[in-house]
1. Testing residue 90 on (1) in contact with a strand residue (DSSP E or B) (Cβ under 6 Å, 6 or more places away or on another chain); (2) open to solvent by less than 40 Å² (accessible area, probe 1.4 Å); (3) at pLDDT 95 or above, one condition comes back false. Which one is that?
2. Would you please name the residue that is most open to solvent (accessible area, probe 1.4 Å), looking only at residues in the range 22-62 that are in contact with a helix residue (DSSP H, G or I) (Cβ under 6 Å, 6 or more places away or on another chain) and farther than 23 Å from residue 130 by Cβ?
3. Would you confirm, using the coordinates I've provided, whether residue 71 is open to solvent by 20 Å² or more (accessible area, probe 1.4 Å), of a type in the set (A, V, I, L, M) and either modelled with pLDDT under 95 or farther than 22 Å from residue 34 by Cβ (or both)?
4. If the requirement is being in contact with a Leu (Cβ under 8 Å, 6 or more places away or on another chain), surrounded by fewer than 22 Cβ atoms within 10 Å (Cβ to Cβ) and of a type in the set (A, V, I, L, M), which of these qualifies: 145, 77?
5. Would you check which residues across the range 98-124 are of a type outside the set (Gly, Ala, Ser), part of a loop (DSSP other than H, G, I, E, B) and either open to solvent by 30 Å² or more (accessible area, probe 1.4 Å) or farther than 30 Å from residue 58 by Cα (or both) and list them?
6. Here is a check on your reading of the model: is residue 161 at pLDDT 95 or above, open to solvent by 30 Å² or more (accessible area, probe 1.4 Å), in contact with an Asp or Glu (Cβ under 8 Å, 6 or more places away or on another chain) and more than 20 Å from residue 20 (Cα to Cα)?
Amino acid sequence: MHRALKRQATTDILTGLANRRRIEAELRRQLHIARRYERPLSLIIGDIDHFKQVNDRFGHNMGDQVLRTVAARMNGAKRIADFAGRWGGEEFLVILPETDLAAAMRLAERLRLSVATEPVSAGGLTVTMSFGVNQCSPDDDLQTAVAAADHWLYCAKERGRNQMAACATPITTI
């Protein structure tokens with residue numbers, strides 16, 4: 001019963017991924033580990049493009065199906081050591097331990113393609129995602145690390161969506 005309650009408190013009920021509470025705790029832990037051992041740590045934040053239009057046009061049941069499908073595809077495309085969660089609404093955050101910016105960018109592109117290449121419903125609905133990538137700096141805390149990834153997410157959206165954006169200059173280690 002204790003395990004069931006703990007899972008319920010840390011899991012997003014709709015997608016089965018970690019919820020925001022759990023992903024924040026994991027990010028704090030990974031930032032500490034990366035700083036202590038001077039190892040790279042990167043983040044990917046992804047947002048479903050035009051998600052409001054999915055809900056408005058097809059209804060909330062279809063919106064929920066899109067969220068579940070996207071979560072499953074992202075979970076299947078990430079590496080086993082990575083940690084994915086639903087950040088909020090139609091946003092997902094992936095924590096990438098031991099990962100520099102170049103490797104994080106490759107994974108973000110793999111995640112993007114995993115969503116964009118196949119319809120998410122029997123009706124043929126296709127959605128896309130935009131991604132922001134950040135390699136954390138030694139001075140980052142949870143807020144600054146996520147804010148940097150979020151900045152690049154908005155850059156990807158401004159550039160036309162269905163793409164990934166990141167800082168051009170990677171950091172050697174955290």
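The values are calculated or read from the model by the stated rules, or taken from the named source; none is laboratory data. Predicted model only: the values in this text are computed from it and were never measured. Heads up, the Cβs are rebuilt from the backbone with ideal geometry, glycines too, and the neighbour counts pull from every protein chain shown. The protein model used for the area step is the full one, side chains on, heavy atoms only, and it has no ligands, DNA or RNA in it. Shrake-Rupley method; radii C 1.70, N 1.55, O 1.52, S 1.80 Å.
1. In the conditions (1) in contact with a strand residue (DSSP E or B) (Cβ under 6 Å, 6 or more places away or on another chain); (2) open to solvent by less than 40 Å² (accessible area, probe 1.4 Å); (3) at pLDDT 95 or above, residue 90 misses (2) alone.
2. Ranking the candidates gives 28 first.
3. No, not satisfied.
4. 77
5. Matches in the range 98-124: 98, 99, 100, 117, 118, 119.
6. For residue 161, the condition - at pLDDT 95 or above, open to solvent by 30 Å² or more (accessible area, probe 1.4 Å), in contact with an Asp or Glu (Cβ under 8 Å, 6 or more places away or on another chain) and more than 20 Å from residue 20 (Cα to Cα) - is met.
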